[in-house]
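Note sheet for the following structure.
The values are calculated or read from the model by the stated rules, or taken from the named source; none is laboratory data. The shown structure was predicted, so the numbers you read here are calculated from the model rather than taken from an experiment. Don't worry about glycine lacking a Cβ; one is built from the backbone with ideal geometry, like all the others, and counts go over all protein chains shown. Protein only, heavy atoms only, side chains kept; ligands, DNA and RNA dropped before computing areas. Shrake-Rupley method; radii C 1.70, N 1.55, O 1.52, S 1.80 Å.
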Amino acid sequence: MSRTVLLVIDAQQSFYHRGYRETPEAPAFERSLAALIAGCQTRNVPVVDVFHVNDSGPFSLASGLVQRLPFLDHQPVKSVQKHVHNALTESGLEPWLREQQIDHLIISGICTEQCCETTARVASDSGFTVTFVTEATLTFPITHNGITLSVADLRHRTESVLINRFASIRSVADCLKELS
């Protein structure tokens, strides 16, 4: 039998300093993440909060911003801090998941193509089954060499590189249906 946990990655107030409030996709992300969390809790799927922590700046503990975004009011079964892009390797999360006999991770949070995608890849390589719920992730446009990738571009790219290799891609509704 599969043991599942929902990871809520970096959904923290530190992102106010990276344009969270100005991001047009934020309201849809908030609705989707809230629905995913509520649906998982209704189905007795534990929720784990993961926070990114740096030594200085808005991601430092001293900033006071390493706390959940205000729309989140769930009670996680565990909270961990990480200093790298994936949630597993140095946060203490992977040993805890193994102790709990968890073998399936549902990925949500911020940023889609960074910490969420990296966690999905590492989790898959570590033997976990991974469900990536793109609509419950958020990202921001990225410009490199004069080319800007939109949120839609980044989401499509992330889904394209994860699907059939590292993760199943699901909507909130389909993810919750599969948990029923």
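Mean residue ellipticity at 222 nm, helices only, the chain: -9000 deg cm²/dmol; runs of at least 4 DSSP H residues each add -39,500 (n - 2.57), and the sum is divided by the number of residues. State whether the range 1-57 is rounded, prolate or oblate according to the following rule on the C-alpha gyration tensor (a ≥ b ≥ c being the square roots of its eigenvalues): a/c under 1.5 gives rounded; otherwise a/b larger than b/c gives prolate, and the remaining case gives oblate. Here the range 1-57 falls in the oblate category.
Expressed to the nearest 5 percent, the antiparallel share of DSSP beta bridges inside the chain is 15 percent.
Computed over every Cα-Cα pair of the range 59-104 and binned at 5 Å starting from 0, the pair-distance distribution P(r) comes out as 5, 17, 21, 25, 20, 9, 3 percent.
Solvent-accessible surface (1.4 Å probe) assigned to K78 amounts to roughly 60 Å². Tell me which of L88, A28, L65 sits at the most positive position along the dipole axis of the chain, charges placed on C-beta atoms (Lys, Arg +1; Asp, Glu -1). Going by the charge dipole, the pick is A28. Averaging the sequence gap over all C-alpha pairs within less than 8 Å and six or more residues apart, then dividing by the number of residues, gives the range 53-180 a relative contact order of 19 percent. When Rg and the Kirkwood Rh are both derived from Cα coordinates, the Rg/Rh ratio for the range 80-180 amounts to 0.99.
Computing FRET efficiency as 1/(1 + (r/R0)^6) for E22 and R68, where r is the C-beta to C-beta distance and R0 is 25 Å, gives about 0.80. When each of the peptides 13-20, 145-152, 32-39 is scored by the mean number of other C-beta atoms lying within 10 Å of its residues, the order from highest to lowest reads 32-39, 13-20, 145-152.
Among 42-51, 21-30, what's the highest-first ranking by average C-beta atoms within 10 angstrom per residue?
42-51, 21-30
The distance separating the Cα centre of the range 47-76 from that of the range 98-149 comes to 17 Å. Simple rule: put +1 on each Lys or Arg Cβ and -1 on each Asp or Glu Cβ in the chain, find the dipole, and look at G39, I106, Y16; the Cα lying farthest toward the positive end is G39.
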